[in-house]
Structures are given as structure tokens and as C-alpha cells.
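Below is one structure, written out as C-alpha cells; comments come after it.
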Amino acid sequence: MKHVFLCGNPALDFACTMRARRTARFETLDAPAALDSWYVECGLVNEAPSCSGDDLARAVQVREAIYALVTARLAGEGYDEQALALVNDAARTPPATPRLTATGRWTEATPEQALSTVARHAIELLSGPDVPLMKECANPECTKVFIDRSRGGRREWCGMESCGNKVKAAAYRARKKQAVAAH
């Protein structure tokens with residue numbers, strides 16, 4: 001499975017595994033194997049932690065809690081107590097621990113440790129210096145939140161391929177149609 005990592009932080013990328021939340025919701029974590037592949041593709045672990053259905057259900061709960069906390073922070077609202085409790089509880093488990101081997105870094109983790117690592121990324125993000133850099137994609141159909149590290153802080157899209165080109169092409173077609181109608 002190919003997951004998308006455009007957000008600049010593993011917790012934001014994890015929150016965005018549910019796509020198009022306001023329209024045609026699309027779940028990318030639809031099976032334990034999808035969660036395993038997300039952990040590997042994200043780079044949190046080198047070997048899939050062999051997640052079960054219960055691990056997937058817990059991860060989806062934590063993901064939704066992370067998204068609730070992130071969107072509350074963006075809106076300048078207080079945090080939901082249940083969302084806080086879910087993320088903090090997940091973070092209590094020791095995280096995935098890398099080790100140095102003769103060939104480089106190697107990280108294995110249980111499903112709980114992998115989820116703890118994501119929860120800890122969320123805590124660090126929401127309590128750290130990147131909070132002012134968080135933005136939601138300007139595509140009205142997209143609900144991805146990303147860290148804008150662009151020069152001048154003018155990035156609008158989670159990614160040009162996924163959203164920027166789509167919105168710009170639609171705006172171009174609308175201008176062209178309006179110009180034809182005006183003549």
C-alpha cells in the first residue's frame with residue numbers, strides 16, 4: 001500500500017489517513033495490514049508490528065483524537081478532554097526504540113509502541129514551536145493539516161500534485177468559461 005506523507009509530522013500524516021473528511025470520507029486504514037504498512041512507510045519502524053483488529057480500532061480512535069486536537073488548536077478552541085485522554089494514554093506506553101546495528105538503524109515495535117510513538121509526536125507538535133506553522137490545505141475538499149516550512153510561509157496546499165494543481169486547474173477553467181460568457 002502506498003500512503004501519503006505530505007504533512008511534515010508523523011502525527012499529522014497519521015491524522016490524514018482519513019481523507020476528505022467533509023465530503024466523501026475515504027479510510028486508508030481499512031485493515032490491520034494497512035496500519036502495519038503505514039508504520040513502516042512512515043519510517044517509524046523497519047518491520048511491521050503485526051497489528052490485530054483491536055490494534056487497528058485503537059489506532060483509529062487515537063487518530064481521531066489527534067485530528068480533534070489539531071483542528072481545535074487551529075481554530076483557537078480548547079481541547080476535548082476525551083481526545084486529550086486518548087492521546088495521553090497512548091503516549092504512556094514506551095515508544096518504539098531504535099537500535100544501532102552493523103548495517104545502520106533498526107527499529108522494531110509492538111503495535112502499542114508504534115502507536116505510542118505517533119501519540120508522542122502529536123504531543124510534541126501541539127506543545128512545540130511548529131504550532132504557528134500548522135495550516136489546513138486550501139482545497140475545500142481536502143482536510144489535511146500540514147506544517148508550512150516554505151519561505152515566507154505562503155504554502156496553501158498539502159501538495160501540488162494532490163490538491164494545488166486540481167484547484168488551480170478548476171480556477172483556470174472557471175476564468176476561461178467566464179471570459180467566454182462575457183463576450
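Distance between the 7 Å Cα→Cβ label points at Asp89 and Thr23: 3.5 nm.
Placing a pseudo-label 7 Å from each Cα along the Cα-to-Cβ vector at Gln82 and Ala34 gives an inter-label distance of 2.2 nm. On a per residue basis, the chain carries 56 Å² of accessible surface, using protein heavy atoms and a 1.4 Å probe.
Treating only the Cβ atoms of Lys and Arg (+1) and Asp and Glu (-1) as charged, compute the dipole magnitude of the range 51-147 about its Cα centre; round to the nearest 20 debye. Result for the range 51-147 is approximately 380 debye, rounded to the nearest 20.
Counting only protein heavy atoms, what percent of the accessible surface of the chain is carbon or sulfur at a 1.4 Å probe?
Values: 5580 of 10190 Å².
The computed percentage sits at 55.
Dipole check for the range 28-99: with +1 at the C-beta of Lys and Arg, -1 at the C-beta of Asp and Glu, and the Cα centre as origin, the magnitude is about 240 Debye. With a 1.4 Å probe rolled over the protein heavy atoms of all chains, the accessible area of Lys144, Lys177, Lys135 falls in the order Lys177, Lys135, Lys144, largest first.
If I stretch the segment between Ala182 and Ala75 completely, what's the gain in nm (0.36 nm per residue apart, minus their alpha carbon distance), one decimal? Present the calculation step by step, with values, prior to reporting the outcome.
Numbers: separation 107, 0.36 × 107 = 38.52 nm, distance 3.92 nm.
Here the answer is 34.6 nm.
Estimated at 0.36 nm per residue, the fully extended path between Ser127 and Val4 surpasses their Cα-Cα distance by 41.9 nm.
With the chain treated as a Gaussian network of Cα nodes joined by springs under 10 Å, which of Phe146, Phe14, Phe26 yields the largest mean-square fluctuation? Judging by the Gaussian network model, the answer is Phe26.
Computed over Cα pairs, the Kirkwood radius of the range 1-138 leads via Stokes-Einstein (0.890 mPa s, 25 °C) to a diffusion coefficient of 160 µm² per second. Shape summary: the range 55-103 maps onto an equivalent ellipsoid whose semi-axes, from the alpha-carbon gyration tensor, are 28, 13, 10 Å in decreasing order. Bridging of Lys2 to aspartates and glutamates at a Cα separation below 14 Å is possible for Asp13, Glu27, Asp30, Asp36, Glu41, once same-chain residues fewer than 8 apart are set aside.
Rounded to the nearest 20 debye, the dipole magnitude of the chain is 1300 debye, with +1 charges on Lys and Arg beta carbons, -1 on Asp and Glu beta carbons, and the Cα centre as origin. Highest average first, the peptides 2-9, 115-122 ordered by how many other beta carbon atoms sit within 10 Å of their residues are 115-122, 2-9. Each of Ala90, Ala68, Ala138 was scored by the projection of its Cα onto the charge dipole of the chain, and the greatest displacement toward the positive side belongs to Ala138; charges sit on the C-beta of Lys, Arg, Asp and Glu.
Among the cysteines of the chain, those whose beta-carbon sits 4.7 Å or more from every other cysteine beta-carbon are Cys7, Cys16, Cys42, Cys51, Cys163.
Could you tell me which of Phe26, Asn9, Ser37 has its Cα farthest along the dipole of the range 1-41 towards the positive end, charges placed at Cβ (Lys, Arg +1; Asp, Glu -1), taken about the Cα centre? Highest projection toward the positive end goes to Phe26. How big is D for the range 71-125, in µm² s⁻¹ as a whole number, if Stokes-Einstein is applied with the Kirkwood radius of its Cα pairs at 25 °C and 0.890 mPa s? The estimated diffusion coefficient comes to 194 µm²/s.
Which helices pass in the chain if a helix is a full DSSP H run, must span at least 20 angstrom along its long axis by Cα, and must have mean Kyte-Doolittle hydropathy not below 1.0?
Long hydrophobic helices here: none detected.
The values are calculated or read from the model by the stated rules, or taken from the named source; none is laboratory data. In this text the structure is predicted, and so the values were computed from the model without any measurement. All Cβ positions, even for glycine, are placed from backbone atoms using ideal geometry, and neighbour counts span all protein chains on display. These accessible areas exclude ligands, DNA and RNA; they are computed on the full protein's heavy atoms, side chains included. Shrake-Rupley method; radii C 1.70, N 1.55, O 1.52, S 1.80 Å.
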